[in-house]
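Q: Structure below; questions to follow.
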Amino acid sequence: MLLYSPLSVSYNGKTCILFRARKLAIRYRNHSLVDLTERTFSPDAPVDTKGSFCSKDKAILNLRFGDVEDLRGLSIRLQMSNTFYESAGQNWFTLDNVYIHYNWTYEATFNATDVYAPSTNSYHCQHVSSLQKYDTLLVPSANTDHAAHWHITFTDFQIQAFNVHSSKFVAASDCATFFTPAILMGLITSLILLLVLAYALHMVVHLKHIDRYEEHKTTVYFPRSTEAETHYRYRMKNIKKVIATFYLTILTLYLVISRKKKSQNCEIKI
C-alpha cells in the first residue's frame with residue numbers, strides 16, 4: 001500500500017501538527033468498511049482540517065470529510081494534551097480522546113490515554129484501534145455511547161502535535177511492548193536451560209563428593225573400570241554441551257533485546 005507524506009496542519013501560519021497513517025478505516029455496525037486513507041493523505045484529498053487548533057498545552061486535529069457513502073457530515077477529531085510531570089522531569093504528550101462525528105448530530109467518543117510519548121518525540125504505533133485484536137488502544141467512553149457501534153483503526157500510525165519545527169517527524173517513541181512473544185519465548189527457554197545447568201552442576205559436585213568419600217573410606221586402590229571411566233567422560237561431555245548451549249542462548253537473547261531497543265529508539269524516516 002502506498003505510504004503518503006505526512007499531513008501537515010498549520011495554525012496561525014505555523015505548522016504545529018504532523019499526522020500520518022498507512023491506512024485509516026472505520027466501520028459502523030455491520031456496514032461495509034470505509035477506507036479514508038486516500039481522502040486524508042492524497043495530495044488531492046478533499047479532507048478539511050478547519051477547526052484544528054494548537055497551543056502550548058493543547059492540540060486538536062480535526063479531519064472533516066463531509067458526506068462519505070451513507071454517512072453525512074463525517075469528521076474525526078483527535079484531542080491531545082501536553083503535561084509536565086515532575087517525577088519524569090519533562091513534558092509528555094497524550095492523545096486524550098478520538099471523536100467521530102456523523103450525520104451532523106451524533107458523536108462517538110473513544111478514550112485513548114494509553115497513547116502517549118515524551119513531547120520531544122513523535123508517537124508511532126503499528127495499530128491504534130478500537131479492535132481487541134490490536135490491543136484496543138481506543139476504548140469507548142461508555143457502554144451507552146455511540147462508540148460501541150463503531151470500529152476505527154489507524155495502521156502504521158504516527159503523530160506529532162508539539163515541538164514541531166519542520167515538515168518531518170522527529171525521533172519516534174514506539175508503542176511496541178518490550179516483552180514481545182519472541183522475547184518471552186527466549187526468556188522461557190533460558191529459564192529451562194538454567195535449570196538444566198543447575199542440575200548439571202549439582203551432578204558434578206555429587207560425583208566429586210563420591211570420589212572424595214571413596215578416597216577416605218579405604219586406602220586400598222581399586223582401578224576404575226574402563227566402562228565406568230567411559231560413562232563418567234560421557235556425562236561430563238554432556239554437561240559441557242549443556243553449559244555451552246546455555247551461554248549461547250543467553251548471548252542470542254541479549255542480541256535480540258539490544259536490537260529491539262535500538263529499533264524502538266531510532267527515528268522513523270518518511
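Q: Give just the number: which of (1) outside the structural domain of Tyr11 (by the TED database); (2) open to solvent by less than 20 Å² (accessible area, probe 1.4 Å) does Leu187 not satisfy?
A: That leaves (2) as the condition not met.
Q: Let me ask something additional. Being under 19 Å from His146 (Cα atoms), of a type outside the set (Ser, Thr, Tyr) and open to solvent by less than 60 Å² (accessible area, probe 1.4 Å), is that true of even one residue in the range 28-49?
A: Checked the range 28-49: at least one residue is under 19 Å from His146 (Cα atoms), of a type outside the set (Ser, Thr, Tyr) and open to solvent by less than 60 Å² (accessible area, probe 1.4 Å).
Q: Here's a follow-up. Considering only residues of the range 1-27 that are open to solvent by less than 20 Å² (accessible area, probe 1.4 Å) and of a type in the set (A, V, I, L, M), which is nearest to the chain's Cα centre (by Cα)?
A: Per the criteria, the residue is Ala21.
Q: Exactly one of these conditions fails for Lys56: (1) within 23 Å of Ser122 (Cα to Cα); (2) open to solvent by less than 70 Å² (accessible area, probe 1.4 Å). Give me its number.
A: Every listed condition holds for Lys56 apart from (2).
Q: Which of the residues that make up the range 118-137 are assigned to a strand (DSSP E or B) and either at pLDDT below 90 or surrounded by 22 or more Cβ atoms within 10 Å (Cβ to Cβ) (or both)?
A: Ser122, Tyr123, His124, Cys125, Val128
The values are calculated or read from the model by the stated rules, or taken from the named source; none is laboratory data. On a predicted model such as this, the values are computed, not experimentally measured, just so you know. Note: ideal-geometry Cβ built from the backbone for every residue, glycine included; neighbour counts use all protein chains shown. Just so you know, the surface numbers come from the protein's heavy atoms only, side chains and all, with ligands and any DNA or RNA stripped out. Shrake-Rupley method; radii C 1.70, N 1.55, O 1.52, S 1.80 Å.
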